[in-house]
Amino acid sequence: MLAIAKEFGVTDITAATAKPELITRILQAQTEAQGNIFAQGILEIVEDGFGFLRRRSLLPSPDDVYVGSSQVRRLGLRTGDYVTGQTRPPKDNEKYFSLLRVEAVNGVDPEVAKRRPNFEALTPVFPDEMFDLEIEGANLSQRLINLVNPLGFGQRALIVSPPKAGKTTLLKDIANGIAGNHPDVHIMVVLVGERPEEVTDIRRSIKGEVFSSTFDEPTENHTRVAELALERAKRLVETGRDVAILLDSVTRLARAYNLAVPPSGRTLSGGMDPVALYPPKRFFGAARNIEGANGQAAGSLSIFATCLVDTGSRMDDVIYEEFKGTGNSEMILDRKLQERRTFPAINIPASGTRREEMLLSPEVMKQVILLRKMLSAVGQIEGTELLLQRLGKTKTNKEFLASIAKAMEADSKN
């Protein structure tokens, strides 16, 4: 494929270039060589059956490309599909460029894409393969998560955090750990109601797609970006890809839906409409590990979402109570650790992953149980600080666990 790309004059590619990106670049070069106009974008289908190819912002713009309803029906296109193809300029009475020919859907032939399954029909199972986040020379967050809060393919993890406890930094560490050790995983970061400078920082810090709406944008933008990003992830999973979504935050997403949905006439404590909780729950609940034929893995959708607590808002407390227990992994960040400037400020006794024995080897599982017992004897704050100090003295978790086992063996002999 690299040879084909070079034939069409495609530059700035290496053996590490992802296959879907390489296919898109080849199709673009081929289309432009024939004198045609190339277009690509994420498809959004509207109520009347036709659609538009949206740019990376996922918001409507004059540069969108019109996709006719006949093409949508014939090729079985769905909202969230990444479509590439040839276009024509608008005619006198038209506003948008129109899609003439579909070259690829999510990086594969359109006829092949027609035979894919529906996301809702796929069978969800517990995560059984772990994300190895540990990168030598990086900070301690990734190593600590591997030990006390292991994350797997298809995990639905809730990161519960008070303000200024380092949740956004933790998300970046998770994204960079996945990108470094699992380059085949498609990473997507969804930022809802975020500060503009944080959006820029994350775009520059991670390798992956970043979809964002800042706090100064209309409420409709927040919900639209989240919904289209989720549909984009589902379409990738339908083709067998592993996708990881990092959402910051589910609290702001629920607030946005509270303003966007028509009032139901009922109100929970804090002014929360119960109907507004369904869409963010549907987003979070989409995370799953997919069971393929004969029990083989067939793609996964992992979602790591932050949830705000201790903000002084009763509505935020209600949102947390509604989401508590819906994930199969919870990472609790601690205000006391944050006040002591101890990062990552993970409350180890309160955090954990369901069925973590499916992610860790039996030997490591025994050592982690022993480690938790030791920490509970010391106390949460002192134990976390001691653990981070000991981790900092070793280069890898394997070396750290070996030192713990050696120390315990020496104590037993004495």
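The values are calculated or read from the model by the stated rules, or taken from the named source; none is laboratory data. Predicted model only: the values in this text are computed from it and were never measured. Quick reminder, even Gly has a Cβ in these numbers, built from the backbone with ideal geometry, and neighbours come from all protein chains shown.
Summary of values
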quantity: Residue identified as under 14 Å from the mean Cα position of the chain (by Cα), of a type in the set (S, T, N, Q) and assigned by the TED database to the domain that holds L170 among S249, S264, S213, S205; calculated: S249
quantity: Members of region 102-114 that are part of a loop (DSSP other than H, G, I, E, B) and either in contact (Cβ under 8 Å) with a residue 24 or more places away in the chain or in the same structural domain as F343 (by the TED database) (or both); calculated: N106, G107, K114
quantity: Count of region 153-187 residues which are over 22 Å from L359 (Cβ atoms) and of a type in the set (A, V, I, L, M); calculated: 1
quantity: First in region 177-195 and over 20 Å from V237 (Cα atoms) and in contact (Cβ under 8 Å) with a residue 60 or more places away in the chain, second anywhere and surrounded by 16 or more Cβ atoms within 10 Å (Cβ to Cβ) and among the charged types (D, E, K, R), Cβ under 8 Å, 6 or more apart; calculated: V192/D248; V192/R252; G193/R252; G193/R255
quantity: Filter result for T239 (without any contact (Cβ under 8 Å) to a residue 12 or more places away in the chain and at negative phi); calculated: no
quantity: Looking only at region 257-303, and only at residues there that are assigned to a helix (DSSP H, G or I) and aliphatic (A, V, I, L, M), the one that is surrounded by the most Cβ atoms within 10 Å (Cβ to Cβ); calculated: A276
quantity: Whichever residue in region 364-396 is under 16 Å from P150 (Cβ atoms) and of a type in the set (S, T, N, Q) and, among such residues, is surrounded by the fewest Cβ atoms within 10 Å (Cβ to Cβ); calculated: T396
quantity: Hey, E357 surrounded by fewer than 15 Cβ atoms within 10 Å (Cβ to Cβ) and either assigned by the TED database to the domain that holds M331 or at pLDDT 90 or above (or both) or not; calculated: yes
quantity: Among (1) buried (at least 18 other Cβ atoms within 10 Å of the Cβ); (2) at pLDDT below 90, the one test that T306 misses; calculated: (2)
quantity: Count of residues meeting criterion [more than 21 Å from P127 (Cβ to Cβ) and among the hydrophobic types (A, V, I, L, M, F, W, C)] in region 230-250; calculated: 0
quantity: Residue check for E198: within 30 Å of A113 (Cβ to Cβ), over 16 Å from the mean Cα position of the chain (by Cα) and either outside the structural domain of I290 (by the TED database) or not aliphatic (A, V, I, L, M) (or both); calculated: no
quantity: Set N106, N93: member being exposed (fewer than 12 other Cβ atoms within 10 Å of the Cβ) and more than 30 Å from F400 (Cα to Cα); calculated: N93
quantity: Breaking point among (1) assigned by the TED database to the domain that holds D173; (2) in a helix (DSSP H, G or I), for G383; calculated: (1)
quantity: Residue in region 352-372 that is among the small types (G, A, S) and either part of a helix (DSSP H, G or I) or free of Cβ contacts under 8 Å to residues at least 40 places away in the same chain (or both) present; calculated: yes
quantity: Within region 116-144, considering residues that are outside any helix (DSSP H, G or I) and of a type in the set (G, A, S), the one surrounded by the fewest Cβ atoms within 10 Å (Cβ to Cβ); calculated: G137
quantity: Given (1) assigned to a strand (DSSP E or B); (2) touching a Ser or Thr at 6+ places or on another chain (Cβ under 6 Å), number of the condition I187 does not satisfy; calculated: (2)
